[in-house]
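Have a look at the structure below before the remarks.
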Amino acid sequence: MAVQADRGVPLSTLSPKFLHTNSTSHTWPFSAIAELIDNAYDPDVSAKQFWIDKTMVKGEACLSFMDNGNGLDHETMHKMLSFGYSDKIAVNGQEPIGIYGNGFKSGSMRLGKDAIVFSKSKSTSCVGMLSQTYLKEIDAQQIIVPIEHKASLQDILLYSPFNSQDELLAEINVIASVWSKEKTGTRIIIWNLRRTSSGATEFDFETDRYDIRIPSEVYETMNDPSQLPDRSTSYIPETVYSLRVRSSDLPFFFI
Ligand SMILES: Nc1ncnc2c1ncn2[C@@H]1O[C@H](COP(=O)(O)OP(=O)(O)OP(=O)(O)O)[C@@H](O)[C@H]1O
Ligand SMILES: [Mg+2]
């Protein structure tokens, strides 16, 4: 199983199980969402707007995140789906938030089991997939990440909810349709959303259709003291459970 690098010395490899392990750093679901917001706002991407929504794909509730930033090409998509590669630098005095090359992986895999990334940059469009379900189904021993090209495309069509090239193209066209001078941006769809022990998704999309909320059954079972106020009082501030309220100070945010 050891893969040999140039000098015959074994490469360290990454088990698919690590995707889940790595996601457990997010004890609070909103911190996972914050990773995706930070990425769009960082100076390399420099999005002016960011949309978060629930979207139904083939009858299944998914989370979608879309920005109208600079987008990705194949090489940066590969880095996005890899671990520890971050070459962000300050642009016009704006310091990047991202430094570790891990936030997308830990954040997306905390929210659901599977993620697909559609991106449109000035030069190209591309699609990549990071999917725990796929890796399990093909019995992968290492993390592989299909990115558009032939064999990859086939796997994306087979294992993502988008089963034809037309369906993939339609998602890329959503990016082009949003307001942006360059018509560039990135759209991330996460499916197999995390569920509570009662089987409901860990987010409540219904109570307020312009908000994404953490239901009380979820936050009451979480005991992250940094997130929950003093439990002796029954008052829970909205920032604990409402993404809209929590994000209201951000320079861009729409649901
Ligand atoms: N929305 C996006 N648009 C364009 N590129 C993105 C987007 N999100 C992530 N990337 C690219 O993917 C890379 C990896 O993102 P990731 O969040 O995993 O790490 P990071 O932001 O570099 O560091 P950190 O772990 O501190 O967040 C980024 O460095 C960036 O190049
Ligand atoms: Mg990041």
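The values are calculated or read from the model by the stated rules, or taken from the named source; none is laboratory data. Because the structure is a prediction, the values reported are computed rather than measured. Don't worry about glycine lacking a Cβ; one is built from the backbone with ideal geometry, like all the others, and counts go over all protein chains shown. Protein only, heavy atoms only, side chains kept; ligands, DNA and RNA dropped before computing areas. Shrake-Rupley method; radii C 1.70, N 1.55, O 1.52, S 1.80 Å.
Dimensions of region 17-194 from C-alpha coordinates, computed as largest minus smallest value along each principal axis and given longest first, are 46, 36, 28 Å. Counting every C-alpha pair in region 131-221, the share spaced more than 20 angstrom apart comes to 57%.
Centre-to-centre separation between the Cα atoms of region 40-116 and those of region 148-222: 12 Å. Here the accessible area is traced with a 1.4 Å probe on the protein chains. For the chain, carbon and sulfur cover 51 percent of it. If R0 equals 25 Å, the separation of the Cβ atoms of residue 83 and residue 133 corresponds to a calculated FRET efficiency of about 0.80. Surface exposure of region 36-186, expressed per residue as accessible area with a 1.4 Å probe, stands at 48 Å².
Listed values for region 78-88 are Karplus-derived 3J(HN,Hα) couplings in whole Hz (6.51 cos²θ - 1.76 cosθ + 1.60, θ = phi - 60°), namely 4, 5, 4, 8, 9, 10, x, 9, 9, 10, 6, and x replaces Gly and Pro. Convex hull volume of the Cα atoms of region 75-171, normalised per residue: 121 Å³. For residue 5 and residue 163, a Förster radius of 30 Å and the Cβ-Cβ distance give a FRET efficiency of 0.25, rounded to the nearest 0.05. At the residue level, residue 171 shows approximately 30 square angstrom of accessible surface with a 1.4 angstrom probe and all protein chains present.
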